[in-house]
Amino acid sequence: MVPPHTSPHLGSHMSPLLLLATCLAGVCSLPPAEEPRAPERLLLRSLGLSAAPRPPGGPGTRTRTRPRRVPAALWRMFRAAEQHTQPRDGEPCTVSEYGVRGNIIRYVQDQGSLVSGVSSSSSSSIGGGPARLEKQLFFNMSVLQPVELLSLARLELRLHWRPVRAADFLQGSGAVGASLYKVIRATLRGADRHANRRLLLAQSVQLQFEPSSITVDLTALAESWRSPGRNYGLMVELLPLRAAPEESLDLPEVRAQLVAVSLDPQQCRSRQRRSAVHLPVTPSNVCKARRLYMDFRDVGWQDWIIAPQGYMANYCHGECPFPLSESLNGTNHAILQTLVHSLDPRATPQPCCVPVRLSPISMLYYDNNDNVVLRHYQDMVVDECGCR
């Protein structure tokens, strides 16, 4: 349902995405200098993006690589957010899964590379002689906007084993020593790499059927990485602890990601539980909420927005006649304005029909670095309208 016109004050009461939805539906008009994509650019800037991301394999890219897989934990958090479940104390902007404040969860992928040694992707094995695996880890923390407050940065290491013999699992004969180092400065060619490292963690990891996991809290370190010239990454070193000469056991493949939870204070308000809103379908000229579905395919965003593919944004439209009834949620000022308007319609306009109760949505998307991001946005769905 698209009305013939709307209030000139519409944009001042709407979030960027809600404004974009209404303008694309023909509900509002923009000055010629801002047409046609100003609302889209406004939303992208609020996402911390200079342009719409192009995940691998999407239109306009030269690669057919599939986009990064969404971690199962992030899917669970997205579904919980869609149901608008809150902590028992009702505190807004809290990520209950990690027990910290935040409204943005990023799974930042590792951009490092294998430095030396062999892994399970190689045919070499421990049984053939001494083996060592060194892998550089690098996480780009510039993906966080300056306004964001970092609440948590948790490194998740997964060691994927591929034993030559299944009996190795039962005998428990395979184990490696895992060491994690902070790289404190760039290493020149030919220099001693160990001189530029500081040990953060050392532990043994036993061979298992399932991938072995190591988690490390790196919040303070990741915060320092946000300063220019401070991020030299990490180094993971794996060494075999027990391996008989006749045993043949590959070193594991190392996969890493950094879970970063941050808080955008400008987007933090009470996220009230929203029940289903059943809007009237009968035509009326009185101010009320009208149905409006925002389909991300209409703006070509389906390739980088993972979920949802659209949502019921709704909008406000209608007149605020005199006398204002209680159902129109008018303020005292609006009531007086309608009275003055009824006496002199040319000198004083009617109050505007605007949103008075809105609720949030959550978006799961890829950023320009192919990281998976879960972000909660306030004031995205119009639940109730009133005269102001």
Can you list the strands (runs of 3 or more DSSP E) found entirely within the range 289-388 that contain at least 3 residues being among the basic types (Lys, Arg) and out of contact with any Cys (no Cβ under 6 Å at 6 or more places or on another chain)?
none
Go over the candidates Val356, Val340 one by one and state the one that is in contact with a strand residue (DSSP E or B) (Cβ under 8 Å, 6 or more places away or on another chain) and either open to solvent by 50 Å² or more (accessible area, probe 1.4 Å) or of a type in the set (Gly, Ala, Ser) (or both).
Val356
Give me the residue from the range 75-97 that is surrounded by fewer than 16 Cβ atoms within 10 Å (Cβ to Cβ) and at pLDDT 85 or above and, out of that set, farthest from Tyr366 (Cα to Cα).
Ser96
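If the requirement is being modelled with pLDDT of 85 or more and touching a strand residue (DSSP E or B) at 6+ places or on another chain (Cβ under 7 Å), which of these qualifies: Asp303, Asp264?
Numbers: Asp303 fails: touching a strand residue (DSSP E or B) at 6+ places or on another chain (Cβ under 7 Å).
Every option except Asp264 fails the conditions.
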Going through the range 308-328 in order, the residues found to be closer than 11 Å to Cys385 by Cα and of a type in the set (A, V, I, L, M) are Leu328
Criterion (modelled with pLDDT of 90 or more, of a type in the set (S, T, N, Q), over 22 Å from Val372 (Cβ atoms) and open to solvent by 50 Å² or more (accessible area, probe 1.4 Å)) met by exactly one of Gln203, Gln171:
Gln203
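Conditions tested, residue by residue: (1) surrounded by fewer than 21 Cβ atoms within 10 Å (Cβ to Cβ); (2) modelled with pLDDT under 95; (3) closer than 27 Å to Leu258 by Cα; (4) of a type in the set (Gly, Ala, Ser).
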{"position": "Gly128", "(1), (2), (3), (4)": "yes, yes, no, yes"}
{"position": "Leu137", "(1), (2), (3), (4)": "no, no, yes, no"}
{"position": "Leu159", "(1), (2), (3), (4)": "no, yes, yes, no"}
{"position": "Ala167", "(1), (2), (3), (4)": "yes, yes, no, yes"}
Leu364 vs (1) of a type in the set (A, V, I, L, M, F, W, C); (2) open to solvent by 20 Å² or more (accessible area, probe 1.4 Å); (3) touching a residue at least 40 places away in the same chain (Cβ under 8 Å): all pass except (2)
If I filter the range 206-242 down to residues being acidic (Asp, Glu) and under 18 Å from Asp110 (Cα atoms), which single residue comes out as least open to solvent (accessible area, probe 1.4 Å)?
Glu237
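The values are calculated or read from the model by the stated rules, or taken from the named source; none is laboratory data. Remember, it's a predicted structure, so these values are computed and weren't measured experimentally. As a convention, Cβ positions derive from the backbone with ideal geometry for all residues, glycine included, and neighbour counts pool all protein chains shown. These area figures cover heavy atoms from the full protein model, side chains too; ligands, DNA and RNA do not enter into them. Shrake-Rupley method; radii C 1.70, N 1.55, O 1.52, S 1.80 Å.
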